[in-house]
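Accompanying notes for the structure given below.
The values are calculated or read from the model by the stated rules, or taken from the named source; none is laboratory data. Since this is a predicted model, take the numbers as computed values, not measurements. All Cβ positions, glycine included, derive from the backbone under ideal geometry; neighbour counts span all protein chains shown. To get the accessible areas, we keep the full protein, side chains included, count just its heavy atoms, and leave off ligands, DNA and RNA. Shrake-Rupley method; radii C 1.70, N 1.55, O 1.52, S 1.80 Å.
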Amino acid sequence: MKLTKIFSSEGKCPVCGSEKLEINTYIYEVPYFDEIIIEVWKCGNCGYRKSDVATLEQRNEVKIVFSVKELRDLNALLIKSSTASIEIPELGIEIFPGPAAQGYITTIEGLLERILENTPAECFQENSHCNEFVKKIRKAMNGEISFTVILTDPHGKSTIRNINNHNTSQ
């Protein structure tokens, strides 16, 4: 795996307005994806950070439907750009991009962990009205229920790659 910086500049920070925003763009060779592009913004004044990730393939809008039917499917790799949305209908999950959306690389299991990390603390209490949501995600992470991940990106910069080579349609 090789990381190569292809662009660097400074700009105006969208948070504090200082001219200390450092913008770096890299190409990264990743197994199963060939090359991806990573962009990192960091303000030396206020600490603002933003990152994005995208495939280098030029594509139109993509809608990827990935079925998780067994534990090994949780290991599928996901590149989600800042413009992508994710839906998991069986779990009642909808994630839509906003102005502060970040891109990231993870696995399907990592995606579920991120969702749990962003779930309100009260939902982890047994008597909470939203505890069933947490239980359902945990069952999905343990391979006890099947579910579908629908990844939609209007710019075609996101993808899911199953290293087991099945369950993905575009």
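Seen against the Cα atoms of the chain and their longest principal axis, helix 108-117 is set at about 90 degrees. Assuming charge only on the beta carbon of Lys and Arg (+1) and of Asp and Glu (-1), the dipole of region 28-94 about its Cα centre is about 260 debye to the nearest 20. Overall shape of the chain was characterised from the C-alpha gyration tensor. The equivalent ellipsoid obtained from it has semi-axes of 30, 22, 13 Å, in decreasing order. Listed peptides 59-66, 5-12 appear in the order 59-66, 5-12 once ranked by packing, highest mean of other Cβ atoms within 10 Å at the front. Report, in degrees rounded to the nearest 10, the 0 to 90 angle that the Cα long axis of helix 131-141 makes with the longest principal axis of the chain. Taking the Cα atoms of the chain, the angle to 131-141 is about 80 degrees.
Per-peptide packing, taken as the mean over residues of other Cβ atoms within 10 Å, places 50-56, 114-120, 32-38 in the sequence 50-56, 32-38, 114-120 from highest down. Please compute the contact order of region 78-151 in relative form: average sequence separation of alpha-carbon pairs under 8 Å and at least six residues apart, divided by the residue count, as a percent. Once divided by the residue count of region 78-151, the mean separation gives 37 percent. Helix-derived [θ] at 222 nm for the chain: sum -39500 (n - 2.57) over DSSP H runs of at least 4, divide by residue count, nearest 500? The helix-only estimate for the chain comes to -3500 deg cm²/dmol at 222 nm.
In order along region 80-93, the phi-based Karplus estimate (6.51 cos²θ - 1.76 cosθ + 1.60, θ = phi - 60°) of 3J(HN,Hα) comes to 10, 7, 5, 9, 8, 10, 10, 10, 10, x, 5, 9, x, 10 Hz; Gly and Pro are listed as x. Here region 1-110 has 50 percent of its accessible surface on carbon and sulfur atoms, given a 1.4 Å probe and all protein chains in place.
Under a model in which nothing but the beta-carbon of Lys, Arg (+1) and Asp, Glu (-1) is charged, region 1-145 shows a dipole of about 260 debye around its Cα centre.
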